[in-house]
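A short write-up of the structure that comes next.
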Amino acid sequence: LRGPWALSGQKSWCVRLVAHLPGSAVVAITSFVNMAGLYPWVVLGGAMLGLLLLSYLIYHYFADPLESYGLAVITVMLSFTVSILCVLLIPVDIYIISQGDITSEALHVTISQEHVRTAYLVLFSSLMILAFFLVPHAYFYGEERGGEFDDKLDKGNKPTCCNAMRSTAFFIGFVLVLIVVSLNFRPGHRETIDGVFDGEEHMKKWVGDLLDFEHGGLNAISFAIACLTLVGVAGWVFYTAYGMAAMPFDWLRGKQTAAEQRQDLETNIAAIREKYRVIQSKYDAREDGTFDLSQMKAVDRKELNRLNRQHKSLMQHNYRLQEIEQKAGLVIPKLLQCLVPFRWMIGMGMMSISLLVACSMLLTLLDRLLHSPCGWDCGYTLKERLIFNPADEIFLRLSHIFPLDFIVLSAFVLYIFTASVFGFVCLGIRLFCLNMYTLRARKSMPQALLVLCNVIAYILLALCMALLTIAPNYTSFGSQTVADDDGEPSYCTLERREAKASCQVSVISGFFTRIAVSMPFFSLMYFTANWAFIAVFSAVFFRCFMSHERTPFLDTATECEEEEMGLLTFS
């Protein structure tokens, strides 16, 4: 029996079982085994289709249908899919170093570690093209177009596309300048920029050293990806930590329904109107029933203005809830409604995963802080794990059965992805505490979703790094074992790998380890950021644990369009 699903050590009982079967059963089993060579490709194709469908549903749920356009849909779908595939390649990488190459006899294809390295290169290159070309172009195109009404007036709007391409070119030029300036501070860069003006020979030497032609550009690429990962770490610390801490409580307590919140709003509106009436009763009305504000006391006039603003805000809330109830026919709300009976089970599962991740990160960080041989100078890297790590042990056990660890890690990645999106929905898309976009169902601009998919791509890139803290041994060596001095098998570590060359390190671990060794500044920043993740997670978790209020169906007052304001004023 061959294939990625075949287990080492299982062949003997399989052979004995087949020997006692009739001939027709043996033929059927043989045909099934031959077809099983297609299994990895069927899984890969199904995973890509599933991710594309998931990305489309997310876009369809948040995007305003009146503002949506095709380029934004395609860009968001591709960006989300490629970002998640970058992380889902890790268990394939780990399987190959643990169990050997994946062979498909039906297709005569063998996947080795070199193929995995190429797959990483293709996926990360695709992610960079999406992040720095296609997403900005789709964003600027959305800014240039006027909306559905303008599209109907001019369907062949070529200047819009040209203006978007020009803005994209300026953006790419700005990014290239930043990269060139940043590469001058790369560790190992020896040539100074002063030599550029000394002649063509010095300029070629400076460019070759800047882009690291001596090593095929590996150090320059590593530095660039390390910088992008550092950008994703900021989103990982705030949005993902917030989502992982708050989302389980949101499921456990449940949200108010639109009808429940409307009832509360109507009660508050009635209370405001009563306060308004009490203040007005102090003064005599005119013949036409109005009141002369100039005759009122300053305190009462100020209170009336405050009540008027509060009344208008609550009426906007009420109108939005009515609108949402009328549009309650979307796919995702229906799916979430089907999961309501199981919300306790789902909430407890989410909380278990969140606590498992937080505890595993905390234990690894303490291990690195206490037992790192080089400490601050190397970013607290660790050669061998000395403190028990529950997530690492779980994945190490599951890695003996290839599809199982792939399925669990896929569910884990999708949970991280969902928690990050939940954090953006709750906190909004912010830049230095300045709220740029707010994500609302069927009310979000496509540009907001384009910014979201770019930030999510950086966060999932940071997740590849964070997995080395959550499950360090699994991410680095998988289920590989070596014999100790007493002959007992033990899992591979960096220290054992230095002593015995039989341990093979994964591609993703080798890449980030190379960054940690050659550029310890990034390793130190990642180490500090993981502590910040634990701090944010703990603060939000404690706050949600102490709070017993149910989350309202509609969190913040939204600005009504002019037509809505006219209806409110008329009513």
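What's the long-distance tail for the stretch 202-248, i.e. % of Cα pairs beyond 18 Å?
53 percent
The peptide list 474-483, 48-57, put in order of mean Cβ contacts within 10 Å with the highest first, becomes 474-483, 48-57. Computed over protein heavy atoms with a 1.4 Å probe, the accessible surface of the stretch 414-479 works out to 28 Å² per residue. Packing here is the average count of other Cβ atoms within 10 Å per residue, and on that basis the peptides 441-448, 528-535, 174-181, highest first, run 441-448, 528-535, 174-181.
By definition, a body whose alpha carbon gyration tensor gives a ≥ b ≥ c is prolate when a/c is 1.5 or more and a/b is larger than b/c, and the stretch 335-390 fits this prolate description. Between D264 and C359, the modelled labels are 3.3 nm apart [label points 7 Å from Cα along Cα→Cβ]. Cβ-Cβ distance of I346 and L66, R₀ of 35 Å, FRET efficiency by 1/(1 + (r/R0)^6): the value works out to about 0.60. Each label point was placed 7 Å from the Cα along the Cα-to-Cβ direction; for N435 and L252 their separation is 2.7 nm.
Over all distinct Cα-Cα pairs of the stretch 390-504, the Kirkwood formula returns a hydrodynamic radius of 16.9 Å.
Multiplying the residue separation of N163 and V231 by 0.36 nm and subtracting their alpha-carbon distance yields 21.7 nm.
Three principal axis extents describe the C-alpha atoms of the stretch 427-483; from largest down they are 59, 24, 15 Å.
Scoring 417-430, 369-382 by mean Cβ neighbours within 10 Å over their residues and listing the highest first yields 417-430, 369-382.
Label positions at I387 and S538, each projected 7 Å from the Cα along the C-beta direction, are separated by 1.1 nm.
The values are calculated or read from the model by the stated rules, or taken from the named source; none is laboratory data. This is a predicted model, so every value here is computed, not measured. A quick note on method: Cβ atoms are made from the backbone with ideal geometry, for glycine too, and the neighbour counts reach across all protein chains shown. What goes into the accessible areas is simple: the full protein's heavy atoms, side chains included, and nothing from ligands, DNA or RNA. Shrake-Rupley method; radii C 1.70, N 1.55, O 1.52, S 1.80 Å.
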